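Read the structure below first, then the notes.
The values are calculated or read from the model by the stated rules, or taken from the named source; none is laboratory data. What you see is a predicted model, and the numbers here were worked out from it, not measured in a lab. Glycine gets a Cβ as well: all are built from the backbone with ideal geometry, and neighbour counts include every protein chain shown. We work out accessible area using only protein heavy atoms, side chains counted, and drop any ligands, DNA or RNA first. Shrake-Rupley method; radii C 1.70, N 1.55, O 1.52, S 1.80 Å.
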Amino acid sequence: MSKTEKVKLSFVQLCWHYSVVPFLLITPLLFSWDLLNYYVLRKYDGVREPSELMTISLFFIALSILFYFIQKRRLRFSEFNIHYTKDAFDKALKKTSEELKWKIIEKRKCYVRAYRNWDGSASWGELITIKQENGRIFINSICNPEAILISVISYGWNRKNVRTFIDNLSNQSTFADKVSADK
């Protein structure tokens, strides 16, 4: 994970994360059969003109390419340089988990992975990954790659997950600095 600075997902999670791309390619694939019938087999009996089929196909191909790069970018970590202690990190993690109903699924010395499950909001849930490295925080929140339905829009929850944790960590760190300065 450190070398690529991207979230590491299992093969199945990765396939689900990118699944919007092949989904968008269904229309061009179906239209390619009609184009094959028109140009090669000479027995096309459809309603749409071949130029219209190509235009629609190109639109969906462009959209799938766009979504590929969007989904690829979403796997990148956001980096934050914050002075914090282990205690401040643990308190911020606990406070954020309570506020946003995160379920911690894996916690190691420098690594935390959590889920925010679907709670009736528009988002199907998110996978949150936090890495600690050399006094820096790397955090990522993506739409749940194990959700029942494909989700490419988090309705602001990915940003809220990151911002809430960073704000809580900053507040804990500031509080810890004030306490040590008072002593």
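Scanning the stretch 124-157 for residues that are farther than 19 Å from VAL21 by Cα, under 13 Å from the mean Cα position of the chain (by Cα) and outside any strand (DSSP E or B) gives TYR155, GLY156, TRP157.
Criterion first (within 25 Å of LEU149 (Cβ to Cβ), at pLDDT below 95 and open to solvent by 100 Å² or more (accessible area, probe 1.4 Å)) does VAL12 satisfy it? Explain how you work it out, then say what you get.
Values: within 25 Å of LEU149 (Cβ to Cβ): yes; at pLDDT below 95: yes; open to solvent by 100 Å² or more (accessible area, probe 1.4 Å): yes.
Against the criterion (within 25 Å of LEU149 (Cβ to Cβ), at pLDDT below 95 and open to solvent by 100 Å² or more (accessible area, probe 1.4 Å)), VAL12 qualifies.
Output the residues belonging to the stretch 74-86 that are under 17 Å from SER151 (Cβ atoms) and outside any loop (DSSP other than H, G, I, E, B).
Within the stretch 74-86, the subset under 17 Å from SER151 (Cβ atoms) is 74-75.
The one that is under 17 Å from SER151 (Cβ atoms) and outside any loop (DSSP other than H, G, I, E, B): ARG74.
Screening TYR155 with (1) closer than 16 Å to ARG113 by Cβ; (2) at pLDDT below 95; (3) of a type outside the set (Lys, Arg) gives one miss only, at (1). When each of PHE67, PHE59, PHE89 is tested for being open to solvent by 60 Å² or more (accessible area, probe 1.4 Å) and assigned to a helix (DSSP H, G or I), the lone residue that passes is PHE59. Cβ-Cβ distances below 7 Å connect the following pairs, each with a first residue in the stretch 4-21 that is among the acidic types (Asp, Glu), a second residue that is outside any helix (DSSP H, G or I) and open to solvent by less than 90 Å² (accessible area, probe 1.4 Å), and a separation of six or more residues or different chains: GLU5/PHE77.
Condition first: open to solvent by less than 20 Å² (accessible area, probe 1.4 Å) and aromatic (Phe, Trp, Tyr). Now tell me which residues in the stretch 138-168 satisfy that. Within the stretch 138-168, PHE138, PHE165 qualify.
In this structure, LYS103 does not qualify as of a type in the set (Lys, Arg) and either touching a residue at least 40 places away in the same chain (Cβ under 8 Å) or outside any strand (DSSP E or B) (or both).
Kindly provide the set of residues from the stretch 70-86 that are open to solvent by less than 90 Å² (accessible area, probe 1.4 Å) and within 17 Å of GLU126 (Cβ to Cβ), ordered by number. Listed by number, the residues that qualify are ILE70, GLN71, ARG74, LEU75, PHE77, SER78.
All conditions but one from (1) in a helix (DSSP H, G or I); (2) touching a helix residue (DSSP H, G or I) at 6+ places or on another chain (Cβ under 6 Å) apply to VAL12; the one that does not is (2).
Considered as a group, the residues in the stretch 110-123 that are more than 18 Å from GLU5 (Cα to Cα) and in a loop (DSSP other than H, G, I, E, B) include one that is most open to solvent (accessible area, probe 1.4 Å), and that residue is TRP118.
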